[in-house]
Amino acid sequence: VPLYLKYLLFLLIVNSNPNIVANNTGPVCDGNNITLNSAGAVNYNWTGPAGFSAAIASPIIANISLANNGAYTVIGTDANGCSDSAIINIVSFPSPTPLFSGTPLAGCIPLCVSLTDQSTVIGSTISNWLWNVEGQSSSTNQNDNFCFNSPGLYDVALTVTTVDGCSATLLITN
């Protein structure tokens with residue numbers, strides 16, 4: 001009886017997982033956009049705080065707020081179906097709300113007006129002030145006095161900046 005040897009050939013392929021890298025353009029101040037970046041795969045699936053999800057390599061979170069702070073996970077899958085993940089942390093800082101008052105607001109020349117900062121920020125501290133008063137030298141004092149020797153209507157702007165570098169400006173015309 002002839003003996004037949006049968007050979008069965010198996011081809012076993014083991015692919016390596018992709019190496020997913022991720023970063024972001026932060027930190028940023030509230031109200032700005034932040035871009036999440038990932039590379040190393042073909043398909044991407046992002047998840048994060050406040051119900052965030054995206055299926056692209058570099059999604060943008062528009063008009064970021066403190067609710068968007070936290071850990072974001074991206075899972076990348078390559079052409080072989082292998083996957084890897086990366087986690088990044090998003091940080092946004094609160095923006096200040098500029099506000100000021102002045103007294104007196106009308107009078108005869110020379111009129112000296114005391115401008116008082118009333119700006120606020122929640123979760124940070126205002127560290128810098130910039131007063132721009134039409135026809136006057138600018139000032140970096142928190143509160144300041146400006147004297148006007150010509151009749152007219154004047155624009156007043158206050159820019160406040162937090163210790164985190166977030167700033168906002170209030171301009172009151174005339």
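Miscellaneous remarks
- Heavy-atom accessible area order for Cys166, Cys108, Cys29, largest first, 1.4 Å probe: Cys108, Cys29, Cys166
- Under 13 Å, Cβ to Cβ, from Ala39 - net charge with Lys/Arg +1 and Asp/Glu -1: -2
- Free-standing Cys residues across the chain, given no other cysteine C-beta under 4.7 angstrom: Cys82, Cys108
- The dipole here belongs to the chain: it is taken about the Cα centre, uses +1 on the Cβ of Lys and Arg and -1 on the Cβ of Asp and Glu, and is about 620 debye.
- On segment 100-174, 52 percent of the accessible area sits on carbon and sulfur atoms, based on a 1.4 Å probe.
- Per residue accessible area of the chain, 1.4 Å probe, in Å²: 61
- Net charge contributed by nearby residues that have their C-beta within less than 15 Å of Val133 (K/R +1, D/E -1): -4
- Taking amide H as placed 1.01 Å from N in the peptide plane, Cys29 has its amide H under 5 Å from the amide H of Phe93, each at least 5 places away in sequence or on another chain.
- Neighbourhood charge, 14 Å Cβ-Cβ cut-off, centred on Ile64 and excluding it, Lys, Arg +1 and Asp, Glu -1: -2
The values are calculated or read from the model by the stated rules, or taken from the named source; none is laboratory data. Here the structure is a predicted model, which means the values were calculated and not measured. With ideal geometry, Cβ positions are generated from the backbone for all residues, glycine too; neighbour counts draw on all protein chains shown. Protein only, heavy atoms only, side chains kept; ligands, DNA and RNA dropped before computing areas. Shrake-Rupley method; radii C 1.70, N 1.55, O 1.52, S 1.80 Å.
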